[in-house]
Amino acid sequence: MKFSILVNEGPYTHQASDTALQFTRAVLAKGHEVMRVFFYHDGVNVGSRLTVPPQDDRNLQKSWSDLAEEHKLDLVVCIAAAQRRGILDEGEAKRHGKGEGAANLAPGFRISGLGQLIEMGIESDRLVVFGD
Amino acid sequence: MLHTVNKSPFQTTTLQSCLRHTRKGDAVLLIEDGVLGALKGTDASGDIWGRRVEVAFYVLGPDADARGITKERMIDGINVIDYEGFVDLVAQHKTSQAWL
Amino acid sequence: MSEAAKGTGKKVPKKFLYVNRKAPYGTIYALEALEVVLIGAAFDQDVSLAFLDDGVFQLANGQDTKGIGMKKFANTYRALGDYGVTKFYVEKESLQSRGLTLGDLQEITYEDENDDFKEKPSIILVSRAELSEVMAQQDVVLSF
């Protein structure tokens, strides 16, 4: 079965991105396909490579990046939500004149439009929402 | 339909609103702080008890464990599942609705 | 998808429901949900909006955001009809428990292209039981 996942909250303040991560791992463990994970609202902050959680805490960005690498997951950060909250890839950083090295999008994530979320709804068998 | 609730019933009316929109054959899964709603003998437990015949109730075990809520303290008849059980529930229902 | 639809290679539109249960401005959910609805309108799906609990305040009349320095987006709901988004299910019980009536909400209409472009109301007042029925009929339920 083809699953898609929507993450509406950022890391650490809310459990949503933790639950989504555990859920996504379980979807893969059960042999289902994950079409895409879409990060919206503060969820885009999961895609910041600049977070530095304490060593004895989990690193949500890294966990998602690692999972994406291992399973070739499509992790999409909403462009409009990301711009509001200062999550930029190289192209966006340049386009908005934010200076060299300003890009902070973590490995395994890509920035794209809300159409990607609608597409998940159309093409997946199941869409599961995590938020607050 | 599968409904997920992640809020404590002592904090918001989310669980109450969800339950009022459930239909016969639906499933409700309590996750995150929503697991507090599974406790028996509370001001809120009557709402779940009142829907137990028509609706199947589930609790995400890891979330209950994290909050020190054991099976013995839960409303009778609530099923405790893990993340893979969550995936199965989603697969079994055509749609899922998150009550955020 | 039906076999007939498969044969023609044409996909049957899915039923999308956007569930709005939060008041505007205090959090960004209402605004960013509206942004999804606007983008989603281009995909030719069968779209409905549900307004229940505090979500009914998103449609309230007389919003004035000058004093809080935020953009008022309430007018955008009225434009959705032009994008083919014409079904706004508003829950009666949610209005009642908040001391509101239909008259406290903005008038939202659309031009029905199947009926000589007659102007028709987009807001459909439903009971809780009717809204539960609408929810049960969906293929995709998006909440924010």
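Computed over neighbours whose Cβ is under 10 Å from that of A:Asn45, the net charge equals -1, Lys and Arg +1, Asp and Glu -1. Taking every alpha-carbon pair under 8 Å whose residues sit at least 6 apart, chain C reaches a relative contact order of 29 percent.
With the simple spin-label model, which puts each label point 7 Å out from Cα in the Cβ direction, the C:Ala129 to C:Leu38 separation comes to 3.9 nm. For segment A:2-130, the square roots of the Cα gyration tensor eigenvalues, ordered a ≥ b ≥ c, give a/c of at least 1.5 with a/b no greater than b/c, which places it in the oblate category. Considering only the other residues whose Cβ falls under 9 Å of the Cβ of C:Lys22, what net charge follows from Lys and Arg at +1 and Asp and Glu at -1? Its environment carries a net charge of -1. Think of the protein assembly as shown as having a plus end and a minus end, set by charges on the Cβ of Lys, Arg, Asp and Glu; of C:Pro24, B:Gly77, B:Leu2, C:Pro24 sits farthest toward the positive end of this dipole.
The distance from the alpha carbon centre of segment A:57-132 to that of segment C:72-144 is 32 Å, rounded to a whole number.
Within 10 Å of the Cβ of each residue in B:28-34, the mean number of Cβ atoms contributed by other protein chains is 2.
Our note on the geometry: Cα centres of segment B:34-100 and segment A:3-44, 20 Å apart.
Annotation for segment B:1-87: trypsin sites (Lys or Arg not before Pro) lying in DSSP loop with at most 16 further Cβ atoms inside 10 Å of their Cβ are B:Arg23, B:Lys24, B:Lys40, B:Arg52, B:Arg67.
Annotation note: trypsin sites (Lys or Arg not before Pro) in segment A:65-105 located in DSSP loop regions with a Cβ neighbour count of at most 16 within 10 Å are A:Lys72, A:Lys98.
For the protein assembly as shown, the dipole from Cβ point charges (+1 on Lys and Arg, -1 on Asp and Glu) about the Cα centre works out to 140 debye, to the nearest 20.
Rounded, prolate or oblate: which fits segment B:20-100, taking a ≥ b ≥ c as square roots of the Cα gyration tensor eigenvalues, rounded meaning a/c under 1.5, else prolate when a/b beats b/c? The shape class here is oblate. Computed from point charges on the beta carbon alone (+1 for Lys and Arg, -1 for Asp and Glu), the dipole magnitude for segment A:35-94 about its Cα centre is near 200 Debye. Remark: mean inter-chain Cβ contacts per residue of B:88-99 equal 6, using a 10 Å Cβ-Cβ cutoff to other protein chain atoms. Taking Lys and Arg as +1 and Asp and Glu as -1, the other residues whose beta-carbon sits under 15 Å from that of A:Arg25 total -4. Annotation for segment C:54-95: trypsin sites (Lys or Arg not before Pro) lying in DSSP loop with at most 14 further Cβ atoms inside 10 Å of their Cβ are C:Lys71, C:Lys72. Does the protein assembly as shown classify as rounded, prolate or oblate by the C-alpha gyration tensor (a ≥ b ≥ c root eigenvalues; a/c under 1.5 gives rounded; else a/b over b/c gives prolate, otherwise oblate)? Note, shape of the protein assembly as shown comes out rounded. Contact order, relative form, for chain B: 36 percent (alpha carbon pairs under 8 Å, 6 or more residues apart, mean separation divided by residue count).
Helices meeting the span-like rule in chain A (full DSSP H runs, Cα extent of at least 18 Å along the helix axis, mean Kyte-Doolittle score of -1.0 or higher): A:16-29. The angle between the Cα long axis of helix C:29-40 and the longest principal axis of the Cα atoms of chain C comes to about 30 degrees, rounded to the nearest 10.
Computed from the coordinates by the stated procedures, all read-outs in this text should not be read as laboratory data. This is a predicted model, so every value here is computed, not measured. In this analysis, Cβ positions are derived from the backbone assuming ideal geometry, glycine residues included, and neighbour counts consider all displayed protein chains.
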